[in-house]
1. Going by how many other Cβ atoms sit within 10 Å of their own, how do ASP333, ASP246, ASP208, ASP319 line up, fewest first?
2. To the nearest 0.05, how large is the calculated FRET efficiency for ASP333 and ASP178 if R₀ is 35 Å and r is the Cβ-Cβ distance?
3. Could you line up THR290, THR306 from fewest to most neighbouring Cβ atoms inside 10 Å?
4. Non-local amide H neighbours of GLY323 (under 5 Å, H modeled in plane, Pro and chain starts lacking H): which ones?
5. Quick one: if you stick a label point 7 Å off each Cα along the C-beta vector at SER258 and LEU169, how many nm between them?
6. What order do you get for 258-266, 132-140, 212-220 when each peptide is scored by the mean count of other beta carbon atoms within 10 Å, highest first?
7. Identify the residues of region 138-160 with backbone N under 20 Å of a label point that sits 7 angstrom from the Cα of SER196 along the Cα-to-Cβ direction, or state none.
8. Would you mind computing, in nm to one decimal, how far apart the modelled labels at TYR324 and ALA116 are, each placed 7 Å from Cα along Cα→Cβ?
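Read-outs throughout are calculated quantities, based only on the coordinates presented, and are distinct from any laboratory measurement. None of the values given here were measured: they were computed from a predicted structure. Glycine gets a Cβ as well: all are built from the backbone with ideal geometry, and neighbour counts include every protein chain shown.
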Amino acid sequence: MGQAACVHAAMDSAARAPWHWRLLAACAISGLLPVAVMLIVLTDAPAGLAQETILGGLLLGVTLGAGGGVLVGRALSVVAPHSPALAGRAALEAELRSAIAQDELLLHFQPIVGLAGPGTFGVEVLVRWEHVEHGLIPPDRFIPLAEESGLIVPLGAWVLRRAVEQMALWQRDGVAPDRICVNISARQIQYGDLPSLVAALLAESGIDPASLELELTESVVAEHAESTLEALGQLRALGVHLAVDDFGTGYSSLAYLSRFPVSTLKIDRAFLVDIERDTVHQAIVSAVTTLAHRVGVRVVAEGIETAGQLAVARSLDCDEIQGYLIGRPCLGDVMTAWLAGRRRQRPAVVGGVT
């Protein structure tokens, strides 16, 4: 159901119920018209027409604007009693909102190491949700929910703040990695005033701006090129580094490297899984690495799990690797111990972070 059809249905329903007119007027004035339309259509759904179907059309057809995800979440909490599926989603969203506010999420860390001897190494930050009743909820379940509901903005801000605080502790204790890498959502760039947040966190923590790297997927860079260019320029001006994550899964174009101030290119693990035998993937990785190096961009091979994959990544001139061969994501205290050992030994490749 498109936006015009949704509004028409709501107006038709409103003609039969005076309270609908008042709701439409009040919500239009306050900018909540989409929510009013949603509630009216759902409460007066024609017999035999599933409310989930109507809601699906509304979510796809109504333009909600910057705060749309939050508005949808609030509307879901009202209409959820009509559908067990919606009730479950609304409950999970409310719990995620509370988890963010109550500081109940966890950070895990995964190491990244250089291949050219005892050179640079970094740590990627990953967020985890340990639910009090349901246990560990996988990121592929709650991250999409956060994106859809708009909670990704406060969630991303929480992750960024905690990551910077952890980096400050590591720098204070003399065990810090060369950089800490944090994933950034398109919504954070569009609606989260990311440059101001990063500037404030750098000032509060006192960490070296060059030790912070923000990772964006290539689809974010390609889809929002004009709207993100200014924000990325402001971030780079602060001294932080920028990385393109999961290269090869979407647009797979290096053209944006000439426009965006990117420091690192992370090749998606899909290219590395069979790279020992797949000569096409070997050629692609080699070409990407060569072009990236010519414009001064570091290349990281993701998903390295075997010695054979490591050998091929090294032969193709990848600068760094990340994956289970080096270390699995782990809690902060485990990573601190790994970093301390790394500082003492600084080997080319380290295994066994579990």
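1. Ascending Cβ contact count within 10 Å gives the list ASP333, ASP208, ASP246, ASP319.
2. 0.95
3. Placing the least packed residue first, the sequence is THR290, THR306.
4. Those lying under 5 Å, H to H, from GLY323 are GLY303, ILE304.
5. 4.5 nm
6. 212-220, 258-266, 132-140
7. 150-160
8. In this crude spin-label approximation the distance works out to 3.0 nm.
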